[in-house]
1. Considering region 360-373 alone, what residues qualify as being part of a helix (DSSP H, G or I) and either farther than 17 Å from Arg240 by Cα or open to solvent by less than 10 Å² (accessible area, probe 1.4 Å) (or both)?
2. So, in region 374-391, of the ones that are open to solvent by 60 Å² or more (accessible area, probe 1.4 Å) and either of a type outside the set (Val, Ile, Thr) or modelled with pLDDT of 85 or more (or both), which residue ends up farthest from Gly80 (Cα to Cα)?
3. Taking the residues in region 261-276 that are of a type outside the set (Gly, Ala, Ser), surrounded by fewer than 22 Cβ atoms within 10 Å (Cβ to Cβ) and in contact (Cβ under 8 Å) with a residue 60 or more places away in the chain as candidates, determine which candidate is farthest from Ala403 (Cα to Cα).
4. Being in contact with a helix residue (DSSP H, G or I) (Cβ under 6 Å, 6 or more places away or on another chain) and of a type in the set (Asp, Glu), is that true of even one residue in region 304-313?
5. Name the residue, out of Glu219, Glu256, that is of a type outside the set (Lys, Arg), open to solvent by 30 Å² or more (accessible area, probe 1.4 Å), in a helix (DSSP H, G or I) and under 25 Å from Trp154 (Cα atoms).
6. Just wondering, is there one or more residues in region 109-121 that are within 15 Å of Thr24 (Cα to Cα) and of a type in the set (S, T, N, Q)?
7. Just to be sure before I move on: is Trp206 without any contact (Cβ under 8 Å) to a residue 60 or more places away in the chain and under 24 Å from Gly136 (Cβ atoms) in the structure I sent?
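The values are calculated or read from the model by the stated rules, or taken from the named source; none is laboratory data. Nothing here was measured: the structure is a model prediction, and the numbers come from that model. Note: ideal-geometry Cβ built from the backbone for every residue, glycine included; neighbour counts use all protein chains shown. Protein only, heavy atoms only, side chains kept; ligands, DNA and RNA dropped before computing areas. Shrake-Rupley method; radii C 1.70, N 1.55, O 1.52, S 1.80 Å.
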Amino acid sequence: MTQQPPPERTSISRIIGASLVGTTIEWYDFFLYGSAAALVFNKLFFPNSDPLTGTLLAFGTYAAGFGARPLGGLVFGHFGDKVGRKRLLVLSLLLMGGATCAMGLLPTYASVGIAAPILLTTLRLVQGFALGGEWGGAVLIVSEHGSPQRRGFWASWPQAGAPGGNLLATGVLAILAAVQSDQAFLDWGWRIPFLLSGVLVMIGLWIRLSVTESPVFLEAAEQAKRNSAVVRAPIARVLRDNWREVLISMGARMGENTTYYVITAFILVYLTGPVGLPKSVGLNAVLIGSIVHFATIPLWGALSDRWGRRPVIILGALGSGAWAFAFFGLLDTASPLVITLATTVGLVLHGAMYGPQAAFFSELFGTQVRYSGASIGYQLASVVAGGLAPLIATALLKGYGTAAPVALYVAAGAALTVIATAVSRETRATGLGSVSEQPRQAV
């Protein structure tokens, strides 16, 4: 008789696949906006400004999406801790896909005036709200299915959805840039990748609906029901009992998020502006870098299972802070090969911070408040770090005329990540399965 595969392995493989596909699609939607803000929206929705000011305004709407992410984390975290992870993951995908498709149908400033940027910003807020709830559910449903010994590796796969989505978004834009003239892309070509989101969402929903609910959550809910210990307001409990863990997760995100958005979004502003290169050079560099980034994130997650979460994250933060000073000098060479190398190295170093992050944050909180705790720490930091990074970087470039202050800004974020991670205890191999489990406290 043919031996059947172990049920747990089959289950975790299916969960990872569903989570990765869903997060890739959602990040595709989110990152597509960032690239469009740098290349298109400044011209179509803010045409009465000089180029850098128009880009600042476009990145302002980009940052608005990050502002909605904590609210999404709060709402989705609350219900995710009460009714489960799966339902909220389906809802987040529908909201994100619907908003992105609608962007592809928006009239521009030339057609409807001020209503155009208002509609754009509204849809960006919906995107941010949806993504605010997506991350916590995607990483937790994997973390709570996997074994503690390999949790860093398993949970890093949903993290790979970020470069996967960026790869998909940048790839579509790069293809359009190659086959269309700049004017055709500006007139109508930019709408294609937004409308394509509708097809991707249908695929993601079909896959995501096939997964089972987290067994850890179901066990905790059943135990809480037997003990009459239902948590009515998970976020209140998190802020009362786990505020240290929330601050640690926020600090651990600062360098990671700042680094990522400077490399993947601001690079397009810098290369098409001061360096004077066509947008295809930056898009191709991010495209190639994202391929390597996608492949190395699970490797960093696996290393965190061997070395611990803290050493890997701190290594990535120190490397990213130092690389920021070399990064812009390499961009100034105007060599496509050198620019691609600089981008790829920066993203690999970023992966050391990002890969172990899902397991690290999951292990900081107990089961009944894990969705709320992990989401709020992650998303609050995204507003200050990722949401403002392209805006701050563009403002620094405009104010000083050089990228040196931008490098200092990235290094400062990396320093915050080192400090926050250093004051936390190691969480590797922490159990997630008990409703009464107490998360490890910060030092």
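1. Let us first name the residues in region 360-373 that are part of a helix (DSSP H, G or I), namely 360-362, 367-373.
The answer is Phe360, Phe361, Ser362, Thr367, Val369, Arg370, Tyr371, Ser372, Gly373.
2. Leu388
3. So the first thing to find is which residues in region 261-276 are of a type outside the set (Gly, Ala, Ser), and the list is 261-264, 266-272, 274-275.
Checking which are surrounded by fewer than 22 Cβ atoms within 10 Å (Cβ to Cβ) leaves us with 272, 274-275.
If we keep only those that are in contact (Cβ under 8 Å) with a residue 60 or more places away in the chain too, we end up with 272, 274.
Values: Thr272: 14, Pro274: 10 Å.
Within region 261-276, the match that is farthest from Ala403 (Cα to Cα) is Thr272.
4. Going residue by residue through region 304-313, those that are in contact with a helix residue (DSSP H, G or I) (Cβ under 6 Å, 6 or more places away or on another chain) are 304-305, 309-310, 312-313.
Subsequent filtering for residues that are of a type in the set (Asp, Glu) retains 305.
Yes: one or more hits.
5. Details: Glu256 fails: open to solvent by 30 Å² or more (accessible area, probe 1.4 Å).
Selected residue: Glu219, the only one of Glu219, Glu256 that is of a type outside the set (Lys, Arg), open to solvent by 30 Å² or more (accessible area, probe 1.4 Å), in a helix (DSSP H, G or I) and under 25 Å from Trp154 (Cα atoms).
6. Step one: list which residues in region 109-121 are within 15 Å of Thr24 (Cα to Cα), which gives none.
Taking every residue of region 109-121 in turn, none turns out to be within 15 Å of Thr24 (Cα to Cα) and of a type in the set (S, T, N, Q).
7. Details: without any contact (Cβ under 8 Å) to a residue 60 or more places away in the chain: yes; under 24 Å from Gly136 (Cβ atoms): yes.
Criteria met by Trp206.
Yes/no matrix, rows are residues, columns are (1) at pLDDT 85 or above; (2) β-branched (Val, Ile, Thr):
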residue	(1), (2)
Leu209	no, no
Thr212	no, yes
Arg232	no, no
Val262	yes, yes
Ala265	no, no
Leu271	yes, no
Lys279	no, no
